[in-house]
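Enquirer: Pasting a structure here, questions to come.
What follows draws every value from the coordinates through simple rules; no lab data is involved. Keep in mind that what you see is a predicted model, and the values were worked out from it rather than measured.
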Amino acid sequence: MVGEDRVAGNVFTWSFKRAQLTLSQDGDSWCVVCWTESPLLGPNMVTYEARHRQPMHAAWDVWSRVKRATEDGEEGVRVATQAAQWMSSKQ
């Protein structure tokens, strides 16, 4: 039950089934956005959006959202670790 994570330009993206999470830097904050595709509601609907000043808080948020989408704590840790490494390379 592993999702796919990738970096494209200045955005870290993780996707699993119909869920997608993006992490990007916006000025001095980190933006976490979750999207979902629903056949009933149309394409790409934002289900969650948050901004964090601390990279650690953004990584925790990524972990929480991935864990919720996959119901797999290990996948959440894996993606949050990758996101944290990506954020530290941006600073």
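Enquirer: Cα axis of helix 55-70 to longest principal axis of the chain: angle in degrees, 0 to 90, nearest 10?
Expert: Here the helix axis deviates by roughly 20 degrees.
Enquirer: Which log10 I(q)/I(0) values, to two decimals, does segment 1-86 give at q = 0.13, 0.15, 0.18 Å⁻¹ under the Debye formula with one point per Cα?
Expert: -0.37, -0.49, -0.70
Enquirer: Convert each backbone phi in segment 12-18 into a coupling constant with the Karplus relation 6.51 cos²θ - 1.76 cosθ + 1.60 (shift: θ = phi - 60°), then list the ³J(HN,Hα) values in order as whole Hz, x for Gly and Pro.
Expert: Couplings: 8, 10, 10, 9, 8, 6, 9 Hz.
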